[in-house]
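Participant: Got a structure here, written out as structure tokens. Questions coming.
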Amino acid sequence: MKKILMLLALFTMGIVFAENAAPAAAPAAPAATSYENYPVSYFQIGIWYKFPRSQMESNVIGVKSGWPMCAGTGSVTGLEASWLGSLTQHIIGAQLGWTVAYNHDIEGLQATLITCINRDKFDGVQLSPIFNKAGDMTGLQASSINVSKNFTGFQPAAIMNISDDLVGFQACFIVNVAKNVTGLQASIINKAEESDCQLGLINVSKKGFQVGLLNFMDNGFLPCFPIVNFSCGD
């Protein structure tokens, strides 16, 4: 059973990444917001990706459920939940699944037991025990591995956090990686171009304030200094 579930999860992620990697293969929409004109329903069931076809171009206000999978280029305002994959592109509310949840933009909660993927914009909470990926995100992102574009909020992870510009708190057991950090990084290894504050065993940045065993900073008091290092000028 575990092998079957893993194969189904990998298959679902393959669909998701294929859609993300090859947008030219899909027919062009007449307008960026054309999904808002899709017909509305209040309860919908999906069987598989693109089956039934009616789920692909509709907006649901209420509940959309996958048995085992549901998808669509429209929206769900309310709850989308499935056994295998919840893959509707626009969500206001909660998107849940046992294995994979995927969307383009969401306001609310996205949670699964394996992986959560958001492509463009996320306002809310993203939770999974294994892997999270988000676009520009504001809120909470928690998993073993978190990946995001620009992030504002709290990003805790068991293994690794990766982000572009970050405003808030990036906390991890092993390694944090970001470009510009307005706030705090705390981990065994912290790496950033610029960071207000890094707390860990090994800290690497061009400027900021560091507390750790070894602190590497290009514009620091010294290029490498134990316990405390801080930037001096520009």
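Participant: Strands (runs of 3 or more DSSP E) wholly in the stretch 44-142 with at least 2 residues that are out of contact with any Phe, Trp or Tyr (no Cβ under 7 Å at 6 or more places or on another chain) and small (G, A, S) - which ones?
Facilitator: 69-82, 85-97, 100-112
Participant: Checking the condition over 29 Å from P129 (Cα atoms) and free of Cβ contacts under 8 Å to residues at least 40 places away in the same chain, which residue from Q198, Q155, Q185, Q210 passes?
Facilitator: Q210
Participant: Taking the criterion of being surrounded by 14 or more Cβ atoms within 10 Å (Cβ to Cβ), among the hydroxyl-bearing types (S, T, Y), farther than 15 Å from A101 by Cα and at pLDDT below 95, would at least one residue in the stretch 43-51 satisfy it?
Facilitator: For the stretch 43-51, residues surrounded by 14 or more Cβ atoms within 10 Å (Cβ to Cβ), among the hydroxyl-bearing types (S, T, Y), farther than 15 Å from A101 by Cα and at pLDDT below 95: absent.
Participant: Here is a list of conditions, (1) modelled with pLDDT under 90; (2) more than 22 Å from D123 (Cα to Cα); (3) surrounded by 19 or more Cβ atoms within 10 Å (Cβ to Cβ); (4) out of contact with any Gly (no Cβ under 7 Å at 6 or more places or on another chain), and V16 meets all of them except one; can you say which number that is?
Facilitator: (2)
Participant: Could you say whether any residue in the stretch 194-204 is part of a strand (DSSP E or B), at pLDDT below 95 and acidic (D, E)?
Facilitator: Checking the stretch 194-204: at least one residue is part of a strand (DSSP E or B), at pLDDT below 95 and acidic (D, E).
Participant: So, one more: Starting from residues that are within 27 Å of the chain's Cα centre (by Cα) and in a strand (DSSP E or B), keep the ones in the stretch 205-234 and report whichever is surrounded by the fewest Cβ atoms within 10 Å (Cβ to Cβ).
Facilitator: G208
Participant: Go through the stretch 64-122 and give me each residue that's in contact (Cβ under 8 Å) with a residue 40 or more places away in the chain and in contact with a His (Cβ under 7 Å, 6 or more places away or on another chain).
Facilitator: Of everything in the stretch 64-122, those that are in contact (Cβ under 8 Å) with a residue 40 or more places away in the chain and in contact with a His (Cβ under 7 Å, 6 or more places away or on another chain) turn out to be S75, Q89, H90, R119.
The values are calculated or read from the model by the stated rules, or taken from the named source; none is laboratory data. Because the structure is a prediction, the values reported are computed rather than measured. No Cβ is skipped: glycine too gets one built from the backbone with ideal geometry, and neighbour counts run over all protein chains shown.
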